[in-house]
Amino acid sequence: MFATATSNFLRRLKSLAVMAERSRPSSDMAAFREVFSKAKYIVVLTGAGISAESGIPTFRGAGGYWRRWKAQDLATPQAFGRNPSLVWEFYSYRREVVLSKMPNPGHEAIAAAQKRLAGQGRKLVVITQNIDRLHHSAGTDDVIELHGTLFKVRCTECETVREDWNSPIVPALAGKGAPDPDAEDARIPEADLPRCNQAGCGALARPHVVWFGEGLDSEVLSRVDDELEKCDLCLVVGTSSVVYPAAMFAPLVAQRGVPVAEFNLEETSATTSFGYHFSGPAGQTLPVALAPHPDEKD
Ligand code: BJW
Ligand code: ZN
């Protein structure tokens, strides 16, 4: 009788421990590195936090405001329809900021791991929500950009997309886009904003980014599905995991039983879905996590 009660108690204790384990991710770096050393197909999903140490403000942290607005107020087709000059000032400012910044050790650790693993017949794929191109600058190949890029524009009429690295993007935006709340709106006439350069078109162009309420590119989404399906390890770096559909990618991978590790300054609403959580700046945690493992074959 006593033995039965004890074994029931122990069984219950064990199941509570398993439940606690499931909801509390591990921060055991050595254990993560063992998993990393065996993974053959790694997906790294990144957000604004990975570029924070390069000096690019995140969306939902301090510094997430431009003048009196948050991204949600300006990164919409409605805002652009109402005031294309204001929205172009916002993006022109961000282009200029990004052009003055460099990739940081977090971006570099990912690029170096991708190169090294490729030499071992292993794959590392970056899926980013960022539009800053810093993964490219760090030397990462074949980055999947979920939300577009600051350095492409798209015609609002014929939808032609072109790359554009001019600084400023048009002369009328020179010296405009100041971020302080008291800055005057430039009220640039539409004719002087970026335009389509297709012969016979010339319509207003917009940033080639995905705004709230807009669908993500279907080819991009199907490539993402494919990569998430194939991966045997997933890293989620510097994202608050609140913006969909990106917010559900890593939890879906975890549901398949694949190890997922979150690298963030703080816990997020997705943290408890993951097996590992590493608190701290990604520029410090990623170089440790992705450094060559003694078991790697050159
Ligand atoms: C560090 C760090 C360091 C800091 N080291 N970490 C389902 C449910 C509910 C709503 C929806 C849903 N499906 C769709 C929606 C609507 C909407 C949405 O998700 N809304 C939510 C806010 C609730 N989604 C959409 O509209 C998407 N479209 C879509 O799904 O179409 C179909 C559809 C439409 C409408 C209804 C239903 C279906 C499109 C979303 C496009 C998002 N676009 C933006 C702007 C891009 C252009 C631009 O930049 O201007 O993308 S919004 C903004 O958020 C940007 C980012 O990519 C994105 C994600 O932000 P991110 O990267 O996570 O940054 P932060 O700032 O939030 O977090 C930074 C993190 O880093 C923090 O956790 C820090 O702690 C951490 N950190 N320093 C490590 N050094
Ligand atoms: Zn056009």
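The values are calculated or read from the model by the stated rules, or taken from the named source; none is laboratory data. In this text, all values refer to a predicted model and were calculated from it rather than measured experimentally. Glycine gets a Cβ as well: all are built from the backbone with ideal geometry, and neighbour counts include every protein chain shown. Surface accessibility is based on the protein's heavy atoms, side chains included, excluding ligands, DNA and RNA. Shrake-Rupley method; radii C 1.70, N 1.55, O 1.52, S 1.80 Å.
Choose one answer from ALA199, ALA191, ALA52: the residue with the largest mean-square fluctuation in a GNM of the chain with alpha-carbon springs under 10 Å.
Ranking ALA199, ALA191, ALA52 by mean-square fluctuation puts ALA199 first.
Using a 1.4 angstrom probe on heavy atoms only, work out the carbon and sulfur share of the accessible area of the chain in %. Intermediate values should be presented prior to the final figure.
Values: 8020 of 14800 Å².
Carbon plus sulfur share of accessible area: 54 percent.
Between SER26 and MET102, 0.36 nm times their residue separation minus their Cα-Cα distance comes to what? Working shown, then result.
On the way: separation 76, 0.36 × 76 = 27.36 nm, distance 3.16 nm.
My answer for the length gained is 24.2 nm.
Amide H of VAL236: which non-local residues (sequence gap of 5 or more, or other chain) have their own amide H closer than 5 Å, using H built in the peptide plane?
LEU45, ALA261, GLU262, PHE263
Kindly state, as a whole number, the per residue volume in cubic angstrom of the convex hull around the alpha carbon atoms of segment 139-298. Working shown, then result.
Values: hull volume 30.7 nm³, N = 160.
It is 192 Å³ per residue.
When the chain is modelled as a GNM with alpha-carbon springs shorter than 10 Å, which of ARG68, ARG206, ARG195 fluctuates the most?
Looking only at ARG68, ARG206, ARG195, the largest GNM fluctuation is found for ARG68.
If you find the alpha carbon centre of segment 124-165 and of segment 243-286, how far apart are they in angstrom?
So the two Cα centres are separated by 23 Å.
Calculate the all-directions average of the projected area of the chain's alpha-carbon convex hull, and give it in nm². Write down the numbers at each step before the final one.
Numbers: hull surface 76.7 nm².
Averaged projected area of the chain's Cα convex hull equals 19.2 nm².
With only alpha-carbon atoms counted, please give the Rg and Dmax of segment 233-298, in Å.
Here Rg and the maximum Cα pair distance are 12.6, 39 Å.
Only helical DSSP H runs with n ≥ 4 go in: add -39500 (n - 2.57) per run for the chain, normalise by residue count and round the 222 nm mean residue ellipticity to 500 deg cm²/dmol.
The helix contribution divided over the chain gives -11000 deg cm²/dmol.
Could you give the length gained by full extension between ALA178 and LYS40, i.e. 0.36 nm per residue of separation minus their alpha carbon distance, to one decimal place? Can you show the working numbers first?
On the way: separation 138, 0.36 × 138 = 49.68 nm, distance 4.58 nm.
So the extension gain works out to 45.1 nm.
Which ³J(HN,Hα) values in Hz, rounded to whole numbers, follow from the phi angles of segment 271-279 under the Karplus curve 6.51 cos²θ - 1.76 cosθ + 1.60, where θ = phi - 60° and Gly and Pro get x?
Result, ordered by residue: 3, 6, 7, 9, x, 10, 9, 10, 7 Hz.
Calculate, in nm to one decimal, what GLU267 and ASP142 gain on full extension: separation in residues at 0.36 nm each, minus their alpha carbon distance.
Details: separation 125, 0.36 × 125 = 45.00 nm, distance 2.89 nm.
Fully extending the segment from GLU267 to ASP142 adds 42.1 nm.
Say we join alpha carbon atoms closer than 10 Å with springs in a Gaussian network model of the chain; which of PRO105, PRO251, PRO77 then has the biggest fluctuation?
Highest fluctuation of the listed residues: PRO77.
In Å and on Cα atoms, what radius of gyration and Dmax does segment 121-187 show?
My reading of the Cα-based Rg and Dmax gives 16.1, 55 Å.
May I ask you to derive the FRET efficiency for SER167 and GLN72 from their Cβ-Cβ distance with R0 = 30 Å, giving the value to the nearest 0.05?
Working: r = 27 Å, r/R0 = 0.89.
The calculated FRET efficiency here is 0.65.
Over 22 Å between Cα atoms, which of LYS101/LYS230; LYS38/LYS297; LYS123/LYS152 qualify? Can you show the working numbers first?
Values: LYS101/LYS230 33 Å; LYS38/LYS297 11 Å; LYS123/LYS152 28 Å.
Check vs 22 Å cut-off fails for LYS101/LYS230; LYS123/LYS152.
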